[in-house]
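> Please see the structure below; I have some questions.
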Amino acid sequence: MYKLKPVVPVPMLIENTCRMYKLKDLQQMSFSGVPMSDKSDELQDINDETELSDQEIQVLLEKQNEVLKILEQLELRLSKLEVEFPDAKDSVPISEKQQSTQCHNVNKEHKSSSKSVINNDITNLIKNDTVVFADPEDPPYSLLALPILWPAVAWDISYHVHSSVLKDLKALDTIKAFKNVTCKDTNNIVKVFVIWQYIKPSPKVVRSPTDSSIGEVSLLRTFNQCLATQPLAVADQIKSDKVLDLINEIGYSTNDRTTELHNLIMDSNTKLDITNIVIWSLLYKKSEHPSKVEKWLSHFTKIIIV
């Protein structure tokens, strides 16, 4: 719009004494000074120079004829194939009875195969041992339920007492309920080392230097991810995760939230799953419960604690 005086006067040519090599000036190489008509004339000259000779044109025509012959041969082959696709009207629908039979067979095969093969992720448990640091003042009773939740797995669960716990008679009395579990099968053994040690929070689950978690919920989730044979539906999985997260929050809350655990219990729900096992483990450590809850707890206690 208008011209201003330079704030700092800069010479038009700046000499650089430290350059590696010298390049041509871009202003001298630009074509801005060439008129458009001259440029178009130059392009026309280039096009004129690139015109093909008669011999080159003849070569291109021969190649074109070869391509056309190949296309004709392909067309003849396709015409002899006579490929016909069935219409939707001609297709025979599968009856509901046949569908149910097929689904039943698939489920049956899955159940029979689950006896020997648990999950592809079981190799992760076999390769790396699981170490659990457990506090005898807050024992994770869910450890006793591992062979019951996944009976098809060859378990090797061993308990070790830290030197700091050896003189505590009350702690030793609690530890007596936890007995080593060994399996005669030497192949595909899932090893779990439990170390009784005063540690807060408890339990601490270590799978590797970069894989550790805290809590009984995390402990059972770790094994369930690798050993579950029948994955839940998306809606059921979301519901289960919400309940497990709530149980984990209640377990580490500084306030007494036992009544919330009572509300999660349904008398008719006595299924052996990780949710009920965690609730049972947390309530088993406490003494007073309503009669309905006591009946529910005794059902699992008879199964888990021998």
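> Can you tell me which residue within segment 254-305, out of those that are assigned to a loop (DSSP other than H, G, I, E, B) and among the polar types (S, T, N, Q), is nearest to LEU143 (Cα to Cα)? Before you say what the answer is, go through the steps one by one.
The first filter runs over segment 254-305 and keeps only residues assigned to a loop (DSSP other than H, G, I, E, B), leaving 254-257, 264-273, 285-290, 305.
Filter once more, keeping what is among the polar types (S, T, N, Q): 254-255, 268-270, 287.
Details: THR254: 24, ASN255: 25, SER268: 24, ASN269: 21, THR270: 18, SER287: 20 Å.
Per the criteria, the residue is THR270.
> Do you know which of the residues in segment 222-238 that are of a type in the set (A, V, I, L, M) and not in a helix (DSSP H, G or I) is surrounded by the most Cβ atoms within 10 Å (Cβ to Cβ)? Steps first, please.
Our first condition is that a residue be of a type in the set (A, V, I, L, M); within segment 222-238, this holds for 227-228, 232-235, 238.
In the following step, the residues that additionally are not in a helix (DSSP H, G or I) were identified as 228, 232-233.
Numbers: ALA228: 16, LEU232: 13, ALA233: 8.
Filtering segment 222-238 for residues that are of a type in the set (A, V, I, L, M) and not in a helix (DSSP H, G or I), the one surrounded by the most Cβ atoms within 10 Å (Cβ to Cβ) comes out as ALA228.
> Next question. Which of the residues belonging to segment 253-301 are of a type in the set (Val, Ile, Thr) and surrounded by 12 or more Cβ atoms within 10 Å (Cβ to Cβ)? Reasoning before the result, please.
Taking segment 253-301 as the starting set, the residues that turn out to be of a type in the set (Val, Ile, Thr) are 254, 258-259, 265, 270, 274-275, 277-279, 293, 301.
Matches in segment 253-301: THR258, ILE265, THR270, ILE274, THR275, ILE277, VAL278, ILE279, VAL293, THR301.
Every residue, every condition in (1) touching a helix residue (DSSP H, G or I) at 6+ places or on another chain (Cβ under 9 Å); (2) modelled with pLDDT of 90 or more; (3) not small (Gly, Ala, Ser), yes or no:
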| position | (1), (2), (3) |
| --- | --- |
| LYS242 | no, yes, yes |
| THR270 | yes, no, yes |
| ILE274 | yes, yes, yes |
| HIS289 | yes, no, yes |
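> Which one of LYS200, LYS191, LYS167 is out of contact with any Asp or Glu (no Cβ under 8 Å at 6 or more places or on another chain) and of a type outside the set (Ser, Thr, Tyr)? Write out each step before concluding.
Working: LYS200 fails: out of contact with any Asp or Glu (no Cβ under 8 Å at 6 or more places or on another chain); LYS191 fails: out of contact with any Asp or Glu (no Cβ under 8 Å at 6 or more places or on another chain).
Just a single option satisfies the conditions, and that option is LYS167.
> Further question on the same structure: Going by what's in this entry, would LYS176 be described as among the basic types (Lys, Arg), farther than 16 Å from LEU149 by Cα and at pLDDT below 90? Talk me through it step by step, then tell me what you get.
Working: among the basic types (Lys, Arg): yes; farther than 16 Å from LEU149 by Cα: yes; at pLDDT below 90: yes.
So LYS176 passes the test.
The values are calculated or read from the model by the stated rules, or taken from the named source; none is laboratory data. Note that the structure is a prediction, hence the values are computed from the model and not measured. Note that each Cβ is placed from the backbone with ideal geometry, even for glycine, and that neighbours are counted across all protein chains shown.
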